[in-house]
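Asker: The structure is given below, and queries will be raised subsequently.
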Amino acid sequence: MSASWIPALRFGAWLLLLLLPRLVRSEGAVPIAITCFTRGLDIRKEKADVLCPGGCSLEDFSVFGNIVYASVSSICGAAIHRGVIDTSGGPVRVYSLPGRENYSSVDANGIQSQTLSRWPASFAVTKGKSSTQEATGRAVSTAHPPAGKRLKKTPEKKTGNKDCKADIAFLIDGSFNIGQRRFNLQKNFVGKVALMLGIGTEGPHVGLVQASEHPKIEFYLKNFTSAKDVLFAIKEVGFRGGNSNTGKALKHTAQKFFTADTGVRKGIPKVVVVFIDGWPSDDIEEAGIVAREFGVNVFIVSVAKPIPEELGMVQDVAFVDKAVCRNNGFFSYHMPNWFGTTKYVKPLVQKLCTHEQMMCSKTCYNSVNIAFLIDGSSSVGDSNFRLMLEFVSNIAKTFEISDIGAKIAAVQFTYDQRTEFSFTDYNTKENVLAVLGNIRYMSGGTATGDAISFTVRNLFGPIRDSPNKNFLVIVTDGQSYDDVRGPAAAAHDAGITIFSVGVAWAPLDDLKDMASKPKESHAFFTREFTGLEPIVSDVIRGICRDFLESQQ
């Protein structure tokens with residue numbers, strides 16, 4: 001045989017090996033349901049049938065290569081890039097292949113794949129075989145063990161640092177201004193910060209956005225809940241280049257990143273940590289305003305400030321002060337360069353875990369303590385008492401109740417007082433509403449003054465150091481047998497804002513004596529218990545108005 005035929009035979013053998021899986025298909029295979037973010041390395045088989053979901057956003061995919069993809073690529077992203085499926089999803093067959101020295105970048109079917117110099121494993125995709133059976137099992141997670149190890153059972157998710165509850169987006173600089181080398185140093189620093197934060201299901205959650213010519217959300221809060229997976233995800237982020245349009249990226253992050261669908265949690269501070277190497281090439285002040293409107297706390301970590309010769313290129317030298325949540329020194333952080341940054345990790349983490357300082361995420365819905373003082377006297381009656389509880393519940397359900405958010409408490413009173421639950425008893429809206437709905441009617445006389453004093457002492461006393469603003473909503477249907485002016489004045493002096501709501505025989509003078517100033521907007525009256533419902537929105541608006549005024 002001529003030696004010239006040998007290369008051709010080798011090529012033919014390689015081609016046969018590549019085509020063989022297409023020819024030999026396993027009959028009756030049931031595809032495995034996967035997510036938009038499942039990568040090739042998460043499928044530990046030489047050949048597997050998977051089912052991609054519909055509705056994946058093209059911007060969310062990380063794809064490296066063309067035809068043959070690095071195993072860190074999203075399987076569904078690669079399948080759309082290859083033209084095997086479209087955004088509606090569908091069955092895909094995945095073939096494991098050896099690693100390559102180089103993966104090319106190609107724009108195809110709405111996805112711009114990225115280059116990668118080397119990766120130890122690859123995969124290819126073809127059209128999968130449909131099955132009449134349903135896809136089995138849960139979607140394959142992007143969480144994975146180190147290469148070569150197999151999970152015998154699903155590991156328990158770590159709860160994380162419960163004392164550091166925050167939803168954090170790291171907005172990194174991916175422009176030509178920072179360059180590939182400093183970009184990698186930046187990623188290393190972000191990884192160290194993420195590791196020290198104590199990421200977990202009940203601790204901080206983090207995501208990553210890259211600012212360059214056009215912003216790209218690399219991964220969301222919901223994608224990873226362990227430090228190991230976050231570190232891997234940060235490591236695989238590729239350098240994009242272009243101008244450092246930080247303002248554009250910050251605006252995009254404030255508007256698109258923090259949604260319930262992407263994993264944001266109610267009552268948890270929303271934070272963007274913006275890394276700027278030098279200066280932004282667009283307007284960042286407007287983006288900071290937008291972020292504040294969305295309740296997002298903006299931190300600026302500036303590295304290598306512009307030297308005097310470069311100041312002429314900076315649109316606004318005070319860009320840091322204008323973009324941060326508050327210009328009080330807390331939300332800005334400076335590092336001289338990207339070298340030897342380990343000593344800066346802990347101080348930054350301490351700032352990010354100080355949720356009492358997160359002023360921009362404090363709203364009337366997540367930063368108030370509201371106690372309800374409910375009249376349980378004999379004149380109310382059981383059916384009307386239920387209407388009072390419904391009134392109270394409708395107010396409570398509006399607020400974001402959590403261990404670091406809004407807190408609710410309730411006292412029922414006649415001649416005596418009974419604490420139904422205190423501010424620290426329940427930390428979820430579901431529990432609070434369930435307990436409110438099950439309060440038992442006491443029946444008896446009416447001593448509202450003593451009840452106010454009891455509430456101030458026993459409910460507000462233990463939380464006097466709380467950063468939340470304190471409110472007391474009194475609901476009564478009759479005249480008090482004792483003085484209400486003295487106890488109400490003492491409550492006002494203690495920083496408690498009182499809303500008084502009277503029904504039926506409640507004297508208007510008593511309501512005004514109890515209410516905070518201006519009396520007209522803090523005292524309400526209705527002849528019938530059914531008239532309580534329209535007052536719900538008035539009380540909520542009043543609480544939000546008073547909260548905003550207290551922040552100015």
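Asker: Could you list, in sequence order, the residues of region 337-362 that are modelled with pLDDT of 85 or more, within 21 Å of Val296 (Cβ to Cβ) and open to solvent by 20 Å² or more (accessible area, probe 1.4 Å)?
Answerer: Within region 337-362, Gln350, Lys351, Cys353, Thr354 meet the criteria.
Asker: Say we look at region 382-413 and pick out the residues that are open to solvent by less than 10 Å² (accessible area, probe 1.4 Å) and without any contact (Cβ under 8 Å) to a residue 40 or more places away in the chain; which of these is farthest from Ser466 (Cα to Cα)?
Answerer: Residue satisfying both the conditions and the ranking: Gln412.
Asker: Out of the residues in region 365-381 that are touching an Asp or Glu at 6+ places or on another chain (Cβ under 8 Å) and open to solvent by 10 Å² or more (accessible area, probe 1.4 Å), state the one that is nearest to Cys544 (Cα to Cα).
Answerer: Tyr365
Asker: OK, next. Could you grab me the full set of residues in region 534-552 that are outside any helix (DSSP H, G or I) and in contact with a strand residue (DSSP E or B) (Cβ under 9 Å, 6 or more places away or on another chain)?
Answerer: Scanning region 534-552 gives a single hit, Pro534.
Asker: Do we find a residue being at pLDDT 90 or above, open to solvent by less than 40 Å² (accessible area, probe 1.4 Å), among the hydroxyl-bearing types (Ser, Thr, Tyr) and closer than 30 Å to Val475 by Cα anywhere in region 327-336?
Answerer: no
Asker: Something else: So which residues in region 281-300 are crowded, with 24+ Cβ neighbours inside 10 Å and in contact (Cβ under 8 Å) with a residue 60 or more places away in the chain, if there are any at all?
Answerer: Ala291, Val296, Asn297, Val298
Asker: Looking only at helices (runs of 4 or more DSSP H) that fall completely inside region 202-302, which ones have 2 or more residues that are among the acidic types (Asp, Glu)?
Answerer: Values: elements: 227-235, 246-256, 285-293.
Because the criterion is at least 2 residues that are among the acidic types (Asp, Glu), the helices (runs of 4 or more DSSP H) in region 202-302 that meet it are 285-293.
Asker: Are any residues in region 424-483 touching a helix residue (DSSP H, G or I) at 6+ places or on another chain (Cβ under 7 Å), over 18 Å from Val380 (Cα atoms) and open to solvent by 70 Å² or more (accessible area, probe 1.4 Å), and if so, which ones?
Answerer: Of everything in region 424-483, those that are touching a helix residue (DSSP H, G or I) at 6+ places or on another chain (Cβ under 7 Å), over 18 Å from Val380 (Cα atoms) and open to solvent by 70 Å² or more (accessible area, probe 1.4 Å) turn out to be Tyr426, Pro467, Asp483.
Asker: Here's something else I'd like to know. Give just the number: which of (1) touching a residue at least 60 places away in the same chain (Cβ under 8 Å); (2) out of contact with any strand residue (DSSP E or B) (no Cβ under 8 Å at 6 or more places or on another chain) does Gln350 not satisfy?
Answerer: (1)
Asker: Further question: Among the residues of region 485-515, count how many are of a type in the set (Ser, Thr, Tyr) and open to solvent by 10 Å² or more (accessible area, probe 1.4 Å). Talk me through it step by step, then tell me what you get.
Answerer: Looking only at region 485-515, we keep the residues that are of a type in the set (Ser, Thr, Tyr), and these are 497, 500.
After this cut, where a residue has to be open to solvent by 10 Å² or more (accessible area, probe 1.4 Å) as well, the list is 497.
Number satisfying all stated conditions: 1.
Asker: Look through region 92-128, keep the residues that are open to solvent by 90 Å² or more (accessible area, probe 1.4 Å) and over 33 Å from the mean Cα position of the chain (by Cα), and return whichever of them is nearest to Leu51 (Cα to Cα).
Answerer: Lys127
Asker: Exactly one condition in (1) acidic (Asp, Glu); (2) more than 24 Å from Tyr220 (Cβ to Cβ); (3) modelled with pLDDT of 85 or more is not met by Asp107; state its number.
Answerer: Every listed condition holds for Asp107 apart from (2).
Asker: Please find, among Phe11, Phe61, the residue that is modelled with pLDDT under 85, surrounded by 10 or more Cβ atoms within 10 Å (Cβ to Cβ), touching a Ser or Thr at 6+ places or on another chain (Cβ under 7 Å) and not basic (Lys, Arg). Lay out the reasoning, then the answer.
Answerer: Numbers: Phe11 fails: touching a Ser or Thr at 6+ places or on another chain (Cβ under 7 Å).
After ruling out the rest, the residue left standing is Phe61.
Asker: Hey, does region 46-58 have a residue that's open to solvent by 50 Å² or more (accessible area, probe 1.4 Å), modelled with pLDDT of 85 or more and charged (D, E, K, R)?
Answerer: Within region 46-58, one or more residues are open to solvent by 50 Å² or more (accessible area, probe 1.4 Å), modelled with pLDDT of 85 or more and charged (D, E, K, R).
The values are calculated or read from the model by the stated rules, or taken from the named source; none is laboratory data. Because the structure is a prediction, the values reported are computed rather than measured. Methodologically, a virtual Cβ is constructed for each residue, glycine included, from the backbone with ideal geometry; neighbour enumeration extends over all protein chains shown. The accessibility values were calculated without ligands, DNA or RNA, using every heavy atom of the protein model including side chains. Shrake-Rupley method; radii C 1.70, N 1.55, O 1.52, S 1.80 Å.
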